[in-house]
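What follows is a structure written as structure tokens; I'll ask about it next.
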Amino acid sequence: MNSSQPKPDQINHIQQALQRPLPGLEGQMQMMPQPRPGMERGFDPAHRPREGGVLLLLYPKEGELTLVLTKRTDTLNHHRGQVSFPGGAWEPGDADFVQTAQREASEELGIRPETLIILGTLTPLYIPPSDYRIYPTVAYTPQRPDFRPDPAEVAIVLEMPLAELTSGSNVRSETWELRGYPVEVPFFEVEGHKVWGATAMVLGEFRALVRSAGLPINAVSG
């Protein structure tokens with residue numbers, strides 16, 4: 001899809017905000033578990049983690065901008081049973097991490113790359129437990145995709161209105177025991193599921209970016 005095609009005003013504002021300095025780590029930390037052991041490895045220039053791309057996809061649903069998340073199956077090697085964005089590891093055939101995100105979204109949910117308008121990218125984020133650095137891509141499609149989840153990777157498809165993200169009405173926090181230590185874990189509650197960790201941190205930065213754009217997002221207007 002050509003990026004010159006008409007887009008809703010809200011999407012134009014988000015695209016413009018993505019070209020300015022990003023909220024970055026400050027935005028991510030709003031939803032970061034405390035403490036988060038191993039985070040310091042991500043700042044070590046000598047460390048070479050695996051790398052991958054994830055897709056933050058916006059689309060209209062019932063008159064509201066919405067984004068899609070997936071609950072991973074319990075059979076995957078990493079982050080099994082957790083809620084995440086469509087995405088995965090970079091492969092040698094990928095031109096960049098944007099293409100990685102598009103390819104993985106196609107494989108996991110049947111999203112056709114040619115229907116996407118790429119709006120920009122968010123700040124890369126290091127994930128200590130899996131030793132991955134993810135590169136988030138933000139995209140828009142003018143129609144809700146006909147999701148066709150791969151049963152080997154996707155247990156449930158979740159949809160969150162952007163208004164719910166920016167209002168903070170679904171933000172919760174609990175103390176969990178992780179790896180033998182008490183950890184304060186902020187999360188987004190989406191359709192009864194807890195969205196935490198790296199996915200919540202990426203959403204935290206995106207929430208900060210959308211709020212900084214100062215635009216109404218309840219309705220999709222052209």
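If we keep just the residues of the stretch 41-60 that are out of contact with any Lys or Arg (no Cβ under 7 Å at 6 or more places or on another chain) and of a type in the set (D, E, K, R), which is nearest to Glu108 (Cα to Cα)?
Arg50
Here is a further query. Specify which of the listed residues (Ile134, Ile118) is at pLDDT 95 or above, closer than 15 Å to Pro86 by Cβ and buried (at least 21 other Cβ atoms within 10 Å of the Cβ).
None of the other options fit; the residue is Ile134.
If I ask for residues that are in a loop (DSSP other than H, G, I, E, B) and surrounded by fewer than 17 Cβ atoms within 10 Å (Cβ to Cβ), which ones from the stretch 18-34 would you list?
Residues satisfying the conditions are Arg20, Pro21.
Same structure again: Which residues, counting only those in the stretch 171-187, are surrounded by fewer than 13 Cβ atoms within 10 Å (Cβ to Cβ) and closer than 18 Å to Pro129 by Cα?
Passing the criteria: Glu177, Arg179, Gly180, Tyr181, Pro182, Glu184.
While we're here: Mind checking which residues of the stretch 78-87 are surrounded by fewer than 22 Cβ atoms within 10 Å (Cβ to Cβ) and either within 16 Å of Arg50 (Cβ to Cβ) or touching a residue at least 40 places away in the same chain (Cβ under 8 Å) (or both)?
Those that are surrounded by fewer than 22 Cβ atoms within 10 Å (Cβ to Cβ) and either within 16 Å of Arg50 (Cβ to Cβ) or touching a residue at least 40 places away in the same chain (Cβ under 8 Å) (or both): His78, His79, Gly81, Gln82.
Mind checking which residues of the stretch 79-126 are within 17 Å of Arg144 (Cα to Cα), within 16 Å of the chain's Cα centre (by Cα) and part of a loop (DSSP other than H, G, I, E, B)?
Phe85, Pro86, Ile111, Leu116
If you go through the stretch 142-165 one residue at a time, do you hit one that is in contact (Cβ under 8 Å) with a residue 24 or more places away in the chain, touching a His at 6+ places or on another chain (Cβ under 7 Å), farther than 16 Å from Met31 by Cβ and not in a strand (DSSP E or B)?
No - not one qualifying residue is present in the stretch 142-165.
In the stretch 197-222, which residue that is among the hydroxyl-bearing types (Ser, Thr, Tyr) and modelled with pLDDT under 90 is nearest to Leu158 (Cα to Cα)?
Top of the filtered list is Ser221.
The values are calculated or read from the model by the stated rules, or taken from the named source; none is laboratory data. The structure displayed is predicted, hence computed values, not measured ones. When we count neighbours, we look across all protein chains shown, and the Cβ atoms used for this are built from the backbone with ideal geometry, even at glycine.
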